[in-house]
Every structure is written in C-alpha cells, then in structure tokens.
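J.: A single structure is presented below for examination.
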Protein chains: 2
Amino acid sequence: MQFSSSLLENAVNEFAKLPGIGKKTALRLVLHLLKEEADDVQHFSEVISRMRKEIKFCKRCHNVADTDICSICSNNMRKSDTICVVENIRDVIALESTQQYNGTYHVLGGVISPLDGIGPGQLNIDTLVHRAQNESAAEVIFALSPTIQGDTTIYYIQKKLPAGIKVTTIARGIAFGGELEYADEMTLARSLQNRLPIDSYVSSR
Amino acid sequence: MQFSSSLLENAVNEFAKLPGIGKKTALRLVLHLLKEEADDVQHFSEVISRMRKEIKFCKRCHNVADTDICSICSNNMRKSDTICVVENIRDVIALESTQQYNGTYHVLGGVISPLDGIGPGQLNIDTLVHRAQNESAAEVIFALSPTIQGDTTIYYIQKKLPAGIKVTTIARGIAFGGELEYADEMTLARSLQNRLPIDSYVSSR
C-alpha cells in the first residue's frame, strides 16, 4: 500500500499489529477514526492508554481489577469457599456471563504445556494451593479446556490440594445445539460414561 | 458481558465502536494490548491521537497529507496536467498501489446521491473545475464506482469542465480472473461494445 501521509501510514501500521487485523481492515478503522470528532478519537486513545497503565491484577485470584482485590473477591455476597480455576481472564468473563456461578475464581494464566515451555512454575498454582489451605476452601472447580494439557494441569494441581477438599470439573459432553453425528468419539464416549439421571437433566434446563 | 474491571470494560466499549468490531473481537484486541509492553500501548495510543489531530487535507486535491500540499501534488516528477477524479482516499491508495499512474488526483469526497442527501455542493467539485481551468489540465480521468450515482456525477462534472479537455473514464469490463458466466449483463454488454484490438490487449498485460 502506498500512502501519501506518514501520519496515516503509522496509524495503519499500529492497527495492523493487532491480532486478526490486516492492512486493509486497519485502513478501514483508521479512516473511520479520521471521520470521527477529534475529541472522540482523543477519548479513544486515552481510554486505551489508561487501561494499560492503571489496570491491576487481583492479588487473590489474579483476575483483572481496578483495585488490589477484584470486585468478585471483595463481594461479600459470593461464596469465598468455592474456587473456580480457569486459564485466563476471558474464561472468567464467559463464566460470569452465564450468571450461574456465585463463588470466586482463580486465574492460572495458562495450562501446563511442556511443548510450549510452560511449566507449573509459570502458572499461579502456589497461590491457589495457599488459598485452598488458608481460606478453608470447601470446593475447587476446574474449568479448564478439555485438552491433554488441561487434564495434566488438573492432575498436577489436584495432588497439591489439601485432603478433604471437594474437587470437581465442569461437565464435558455434547453441547446444546450440537449434533451427535459430528461429535468426536472421545466426547461422545465420555458423555455416555457420565450420563445423568433424567431428573437432574430436566431440572437443570 | 460481565467485567470485573471498569478500565477493561471502557476499553472494550471503545474498540467495539469501530466498524466491524463486535464485543468479542474488541475484548480479544484489548486483552492483546494488556499483554503488550506498556510503552508499546502508549505508542499505539499516541500515534492514533496524533494522526487525528495533525493530519491535513491537501488544499489542491483534498487527499490526506502531512503538509498543506500532499506529497503527490508537490512531486515534480508527476504530470500535474492529468487529474484522476476519485471518490475517496481509499481509492487514491488503491490506484497508487498499482504503480501505473503518474498524474495527480482529485478526491471528491463522495458521489452525487440525492437519496442520501448528497448534492454537488457537498462535494469538492468547484475546486476541480477551478483546477481544470487555471492549471491548463490536459486530461481528466474519472475513476468513480460504476453505479448510477457515479455515472450521474461524471455527467454533472463533465458539463462544467472547460471545452477542449480530454475527459476519460477507467475501463469497465470483465475483471482478471473473473468468469464470463457470472458477470452481470450490463458489464458483459459494455465489455463487448468497448472491445479492444488484440494488439493493445496483449501489450497492456
């Protein structure tokens, strides 16, 4: 692409660095901003820059927060003795959007994956074990991706958790709206093994 | 979506205002920026804000520019007596990327479209006529979209241009890689009417 303005070119290049944004999309976004009011664009750039500078990570659960302790951990209405272990912030947002969970979270920051060079030391596992021990947790729920790495991580952490804690994982099975014939064998086999009494299925809908 | 941080939420909302960016994509982009170095994000936001504040529009051709006269207009190597009329800045970038054109441009800012409330008064037509008269232009090339609005605009402007100027439009026909059977009748009919001697076709490849 040939630009007649280096200001425009730099802005397009910055946008094109974002994941999934190519040069053409970047140009479209920049030309959109060019049409907007100068104050709005100033606001856009300030909000982004402020977000990066001022955002904090909760000291307890490692979720993003505006304060040292996130709004979920500091909410007295939530059951602090139930800890849902997730890979990243996105998973917290996805689970919160279901509005079905009333406990706290623990963001690991990934899963154990030796091929990618990620060992237990790089994940927030120690703080989780510490929480489980010192905050007299009743249940730890694993909501990790259903992969070998996820399962390895569950196995590793489970061994470190104090005895007597209830350890569960979110159910794996056929997704709502999914079709049986397109499900992989592993999922189908597991969903058959872990079949549910019809009463609990109907009441959970 | 439920966010545990208002800083994150505001940033996601700002990104989601951009065209073609939904909430989920916005979140992905913001979480990417969150992982980047603070300096890089600061740079990103400064480049965007500076672009909007400092960018200028060329006083001669209305293209984006860093200075009062854009780099294309001020380039002595280009033929200033040939003016290519385009709708917007994106078209200039597309034509420049072909590296086949050595004249100047004139950005109209749209086409005449009464249904959208765009009349000749809102477009940069007067400056084009002024340029054609005062800069002794030899040729005006219309590179507008092949729509009724584009054709209306060409007709309207052509009447205002001084007599003696060569007025042309870019060729319409079957695109390279296009298939005859999927071309619309209008395009096919025109490309038959305006058929080219095989010599000029071969030499232009």
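J.: Can you name every residue in region A:100-118 that is in a loop (DSSP other than H, G, I, E, B) and more than 18 Å from A:V64 (Cβ to Cβ)?
T.: Passing the criteria: A:Q100, A:N102, A:V111, A:I112, A:G117.
J.: Hey, another quick one. Got at least one residue in region B:119-128 being away from every other protein chain (no Cβ under 12 Å), under 19 Å from B:I148 (Cβ atoms), assigned to a helix (DSSP H, G or I) and of a type in the set (D, E)?
T.: no
J.: Let me ask another. Counting just the residues of region A:1-32 that are of a type in the set (S, T, N, Q) and part of a helix (DSSP H, G or I), which one comes out farthest from B:V30 (Cα to Cα)?
T.: For region A:1-32, the residue satisfying everything is A:S6.
J.: Go through region A:1-12 residue by residue and tally those that are closer than 21 Å to B:G22 by Cα and more than 7 Å from chain B (Cβ to nearest Cβ).
T.: 1
To keep it simple, each residue is scored yes or no on (1) surrounded by fewer than 21 Cβ atoms within 10 Å (Cβ to Cβ); (2) out of contact with any strand residue (DSSP E or B) (no Cβ under 9 Å at 6 or more places or on another chain); (3) assigned to a loop (DSSP other than H, G, I, E, B); (4) hydroxyl-bearing (S, T, Y).
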residue: A:L34; (1), (2), (3), (4): yes, no, no, no
residue: A:F44; (1), (2), (3), (4): no, yes, no, no
residue: A:V47; (1), (2), (3), (4): yes, yes, no, no
residue: A:R50; (1), (2), (3), (4): yes, yes, no, no
residue: A:K53; (1), (2), (3), (4): yes, yes, no, no
residue: A:C61; (1), (2), (3), (4): no, no, yes, no
residue: A:D68; (1), (2), (3), (4): yes, no, yes, no
residue: A:S71; (1), (2), (3), (4): yes, no, yes, yes
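J.: OK, next. Among the residues of region B:153-173, how many are in contact with a Ser or Thr (Cβ under 8 Å, 6 or more places away or on another chain) and over 19 Å from B:Q100 (Cβ atoms)?
T.: Result for region B:153-173: 1.
J.: Among B:I141, B:I154, which is the only one that is assigned to a strand (DSSP E or B), modelled with pLDDT of 90 or more and closer than 19 Å to B:C84 by Cβ?
T.: Testing whether each residue is assigned to a strand (DSSP E or B), modelled with pLDDT of 90 or more and closer than 19 Å to B:C84 by Cβ leaves just B:I141.
J.: Restricting attention to region B:99-110, does a residue exist that is out of contact with any His (no Cβ under 9 Å at 6 or more places or on another chain), within 14 Å of another protein chain (Cβ to nearest Cβ) and free of Cβ contacts under 8 Å to residues at least 12 places away in the same chain?
T.: yes
The values are calculated or read from the model by the stated rules, or taken from the named source; none is laboratory data. Not measured: the values here are computed from a predicted model. When we count neighbours, we look across all protein chains shown, and the Cβ atoms used for this are built from the backbone with ideal geometry, even at glycine.
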